[in-house]
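Each remark here refers to the structure printed beneath this line.
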Amino acid sequence: AFAVRVVSEGAEDETELPVLQKSEKSRTISKIVRELKGIVFVIQSQSNSFHSKRAEDLKRDILKQAVDLGKELPTVLLIHQINRHEGAWTILPLMRDFSVTYGRNSSWIFFCEEDTRIQVVKLLETLRRFDKSKEWFLGKALYDEESTIIHHYAFAENPTVFKFPDFAAGWALSIPLVNKLAKKLKSEPLKSDFTIDLKHEIALYIWQKGEGPHLTPVPEFCTDDVNSYKVDHCATTFSNFLPLCGEPVNKEDVFVAVKTCRKFHGDRIPVVKQTWEREAALIEYYSDYADISIPTIDLGVPNTDRGHCGKTFAILERFLNHTSPSTPWLVVVDDDTLISIFRLRKLLSCYDPKEPVFLGERYGYGLGTGGYSYITGGGGMVFSRTAVQKLLASKCRCYSMDAPDDMVLGMCFSGLGIPITHSPLFHQARPMDYPKDYLSHQIPVSFHKHWNIDPVKVYFTWLAPNTEESPNGKHVGYNREDL
């Protein structure tokens, strides 16, 4: 205070000013360090080697930024290392542990994905705007423009009113809210059987039909590319819209199996042939009827109206026994799946086929009380040959021919201790079933269903190789806003 008075009164000796600035800076850094220690960072990581390395890299970056600020380090947790919960990735089962472990000495739990990039000082400045003694649910807000099946048609009259967080931008819960959720979970265990879109379901649970807080939008939580000119104000950014780890895998390294049946030969198969079939070097169509004009292969498995477990396991057997052992990857899709094999080959460059990889869009069943995760079939299921070998060497099989194949596969792999590997680039539904802002930071690999859309138009708008990607240099495109 004395130094401030001397300088303000015009004293000739201003040598104390740098001392003041130094002490002010020291106090500021000390405050930042204290606040930083009050944040628990939770990276929504996965145990696959590619993903775990990316999560570890992010953890190191957060801790390095902390070291540059002072000696006190924040807690950084990786979800896949919290092994007590099969459903740890669904977050809510962890709330009681978070409350017990961090409920007294922390201020915020900050969640992020492995490709979220964090400016720690800006994050602290952002969180400082919110009273940490109150219940806060913070994030970048997404909303449905029309009611959608993946959200069980929630808020059908006006779906735009309900906001949920874009996990890629990071999202935060204040400790008072964590403690409240933990108390609720203790008295009322999770009831939902299925986890389909986690970000929406968490927001619904926190909202509690109006009794809990809505999501508060935070403009500093961003999903713009880390190198974009737009990100000066951002505490978080995003990287890797489509991962690429070297050269894309060869066309001949990907075997594509299309599940179909006789009644769809006339309308769905022509769409495949007009769109993505040309991207696949190795492709077979499996049906209940051998049609030489396509051609389809009859596996001797009758078509079923519900699940297709018998057919899918027959495809796995055929892949293992009737394709080249040097083909490392199998993709199983429905006849109404729209997929970019070109982008998939880029994505697969990041995975080791010597590992048992089961890749796609992850759903969960009964994870609040045990249960298992699975790859939902419509968006496409990708298997390494190693995964297929381990699966078929086990005794796990369909409990009925019409059992849901994707759920049985999830149950089998869970029993074998082989983790599901999630990629948000696979989609079980159509582009219009997802918020535009969510898709804006993706280069998608697949969509599913032909219902109320022009599937050829959707393919060329969202999935077709661009001019640079296309081998003949031709590009057919549409405006995404039209869809």
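Each value in this text was obtained by applying a stated rule to the coordinates, not by laboratory testing. Fair warning: this is a prediction, and the values are worked out from it, not measured in the lab. Quick reminder, even Gly has a Cβ in these numbers, built from the backbone with ideal geometry, and neighbours come from all protein chains shown.
In units of 2.2 N^0.38 Å, what is the alpha-carbon radius of gyration of the range 100-207?
The value comes to 1.16.
Once phi is turned into θ = phi - 60°, what whole-Hz ³J(HN,Hα) does the Karplus curve with 6.51, -1.76 and 1.60 give for every residue of the range 245-254, x standing for Gly and Pro?
In residue order, the calculated couplings are 10, x, 5, x, 5, 5, 3, 6, 8, 10 Hz.
7 Å from Cα along Cα→Cβ at both Lys53 and Val161: what's the point-to-point distance in nm?
4.9 nm
Separation between the Glu125 and His214 pseudo-spin-labels, each 7 Å from Cα along Cα→Cβ, expressed in nm?
Those two pseudo-labels are separated by 2.8 nm.
Check the chain for me: any Cys whose beta-carbon has no other cysteine beta-carbon within less than 4.7 Å?
Those would be Cys112, Cys261, since no other cysteine Cβ in the chain comes under 4.7 Å of theirs.
Do the sum for the chain: with -39,500 (n - 2.57) for every DSSP H run of n ≥ 4, divided by all residues, what is the mean residue ellipticity at 222 nm, to the nearest 500 deg cm²/dmol?
-9500 deg cm²/dmol
With a Förster radius of 41 Å, plug the Cβ-Cβ distance of Lys230 and Thr369 into 1/(1 + (r/R0)^6) and report the FRET value to the nearest 0.05.
That pair, Lys230 with Thr369, gives E of 0.40.
If you take the Cα atoms of the chain, find Rg, then find the Kirkwood Rh from the mean of 1/r over all pairs, what is Rg/Rh?
The Rg/Rh ratio comes out at 1.04.
If packing is taken as the mean number of other Cβ atoms within 10 Å per residue, what is the order of 34-41, 50-57, 156-163, highest first?
Per-residue Cβ counts within 10 Å, averaged per peptide and sorted highest first, yield 34-41, 50-57, 156-163.
What are the semi-axes of the equivalent ellipsoid for the range 171-290, taken as the square roots of 5 times the Cα gyration tensor eigenvalues, largest first, in whole Å?
Taking √(5λ) for each eigenvalue gives 43, 26, 13 Å, largest first.
In nm, what is the difference between 0.36 nm times the number of residues separating Asn250 and Ile453 and their Cα-Cα distance?
Roughly 69.9 nm would be gained on extension.
Within the range 31-238, what percent of beta bridges assigned by DSSP are antiparallel, to the nearest 5?
In the range 31-238, approximately 50 percent of DSSP beta bridges are antiparallel ones.
Find the Rg to Rh ratio for the range 251-465, where Rh is the Kirkwood radius over alpha-carbon pairs and Rg uses the same atoms.
0.93
So if I take the alpha carbon set of the range 31-238, get Rg, then get Rh from the Kirkwood formula, what is the Rg over Rh ratio?
My calculation of the ratio gives 0.95.
Obtain the nm distance between the two label points defined at Ile82 and Ser192 by a simple spin-label model: each point lies 7 Å from its Cα along the Cα-to-C-beta direction.
Each label point lies 7 Å from its Cα, and together they span 1.6 nm.
Check cross-link reach from Lys186 to the lysines: straight Cα distance under 28 Å, and skip same-chain residues fewer than eight apart.
Cα-Cα hits under 28 Å: Lys37, Lys132, Lys134, Lys163, Lys199, Lys209.
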